[in-house]
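> Pasting a structure here, questions to come.
Please treat every number below as a calculation from the coordinates, not as lab data. Every value quoted in this text rests on a predicted model; they were computed, and no experiment measured them. Note that each Cβ is placed from the backbone with ideal geometry, even for glycine, and that neighbours are counted across all protein chains shown.
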Amino acid sequence: MSQRRFITQGEGLPQWSTPISHAVVVGKICHVSGQISVDAAGHYVPGTIREEAVRAFANFFAVLRAAEFSSADIVFVDIAFADLTEIGEVNALFAELFPEGQRPARTIYQAAALPMGSKVKVLGVAIKD
Amino acid sequence: MSQRRFITQGEGLPQWSTPISHAVVVGKICHVSGQISVDAAGHYVPGTIREEAVRAFANFFAVLRAAEFSSADIVFVDIAFADLTEIGEVNALFAELFPEGQRPARTIYQAAALPMGSKVKVLGVAIKD
Amino acid sequence: MSQRRFITQGEGLPQWSTPISHAVVVGKICHVSGQISVDAAGHYVPGTIREEAVRAFANFFAVLRAAEFSSADIVFVDIAFADLTEIGEVNALFAELFPEGQRPARTIYQAAALPMGSKVKVLGVAIKD
């Protein structure tokens, strides 16, 4: 039996019209698609950088739960900004979301543009022990 | 015996002068380098966004085959655009390349510039069961 | 016993105030955070593209060592540039850092901006056999 699972729907997952999976799991590894500040209907919800980041991470974590992973399994997070000078707000949120000493590896950069004109996009990899 | 394989040449692979591997395989995991619209000689072939994306994905899949993986093993795809408003064309192609319900996780963004001035770059990770 | 290790400090590692791990290891897989040209105190050291890349890779390799991995374990490297026309210098360095035929897969792109205004950022994944 294949250990491969394609996460395309689940509780709290945004409905996307895009032809992708929210996440793909093979064995102990889960790759999660880029998440932005969209509501359950998949509509972009503009806000402050913190508001958008909170919603993007909430979607990220909802995808993980649908894949039967948790935020504690995250090993790597990639965060793209529309304006990298807003990193401070996202660092503050990151420190709240992940306990000290058990935080993911991470990379950040400023993109020329993000999907739907959003301010921030997050994606990552989770691995179970 | 090491399970590590460096994919540097193979049928249908672009000849690159850059000092990298097309892909590296360790065990069941294959990481593929960023692929753009280049021909077998490694020369950039400019085209419409669809033409460039078709060629970039063809190169991506050729690398996977050389690594003894297939497109069905892809778990994650990263697509960088020179112009993100062209996402619709790439979504249409993506829907053709991957069967519904078995599509990879994905992230997209607009870069400030891509190698050789190309319109689109694709890379990804494949994992066997 | 968990195989999960969070690399937050170690010999030669830059001191970061950011709430992230330098790397996270689960089993045979190590994800390394984006590294730029910073000194041991975490202060940005501006330089030529080569100088910044040398320092960024030195930090990358120091993180790998702290995680009990080596540069030979690297399977994938992501390099973001502030100016992609400087790729030639980084290709030359890449050829020095990794032996021919055993080089990582790689992707490159130009970001709209990088942390601390740096010229180059490198990150990657290492996997042991």
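> How far is helix B:87-97 tilted, in degrees, relative to the longest principal axis of the Cα atoms in chain B, given as a value from 0 to 90 rounded to the nearest 10?
40
> Evaluate the range B:4-127: find the radius of gyration of its Cα atoms, find its Kirkwood radius, and give the ratio Rg to Rh.
A ratio of 0.94.
> With angles folded into 0 to 90 degrees, how steeply does helix C:49-66 sit against the dominant principal axis of chain C? Use alpha carbons for both and round to 10.
0
> What net charge is computed for the residues neighbouring A:Val54, neighbours being all others with C-beta under 14 Å from the C-beta of A:Val54, Lys and Arg scored +1, Asp and Glu -1?
Net charge around A:Val54: -2.
> Relative contact order for chain B: what percent, with Cα pairs under 8 Å and sequence separation of 6 or more?
About 31 percent, as a whole number.
> One quarter of the convex hull surface, Cα atoms only: what value does that give for the protein assembly as shown in nm²?
Spelled out: convex hull of the Cα atoms, projected over all directions, averaged, 17.3 nm².
> A further question follows. Search the structure for amide H atoms under 5 Å from the amide H of C:Ala113, placed 1.01 Å from N in the peptide plane, and list their residues when 5 or more places away or on another chain.
A:Gln110
> Still on this structure, please answer the following. Using a basic spin-label model with each label point 7 Å from the Cα along Cα→Cβ, how many nm lie between C:Ala72 and A:Thr48?
So the label points at C:Ala72 and A:Thr48 sit 5.2 nm apart.
> Now for a separate question. Which longest run of chain C has no exposed loop site in it, a site being GluC sites (Glu not before Pro) in a DSSP loop with at most 12 other beta carbons within 10 Å, and the site itself not part of the run?
The reported range is C:12-99.
> So how far apart, in nm, are the two label points at C:Asp83 and C:Arg4 if each is 7 Å from Cα heading toward Cβ?
In this crude spin-label approximation the distance works out to 4.3 nm.
> Also, quick follow-up: Under a plain spin-label model, where a point goes 7 Å from the Cα along Cα-to-Cβ, how far apart in nm are A:Glu96 and A:Trp16?
It works out to 2.5 nm between the two label points.
> Among residues other than B:Ile20 whose Cβ falls under 11 Å from its Cβ, what is the net charge (Lys/Arg +1, Asp/Glu -1)?
With Lys, Arg at +1 and Asp, Glu at -1, the net is +1.
> Given only helices, namely DSSP H runs of n ≥ 4 each adding -39500 (n - 2.57), what is the per-residue ellipticity at 222 nm of chain C, to the nearest 500 deg cm²/dmol?
Per the formula, -7500 deg cm²/dmol.
> Sticking with this one: What does the charge add up to near B:Ala126, with Lys and Arg as +1, Asp and Glu as -1, over the other residues with Cβ less than 14 Å from its Cβ? Write out the running numbers ahead of the final one.
On the way: positive: A:Arg4, B:Arg5, B:Lys28, B:Arg65, B:Arg103, B:Arg106, B:Lys128; negative: B:Glu68, B:Asp73, B:Asp78, B:Asp129.
Net of charged neighbours comes to +3.
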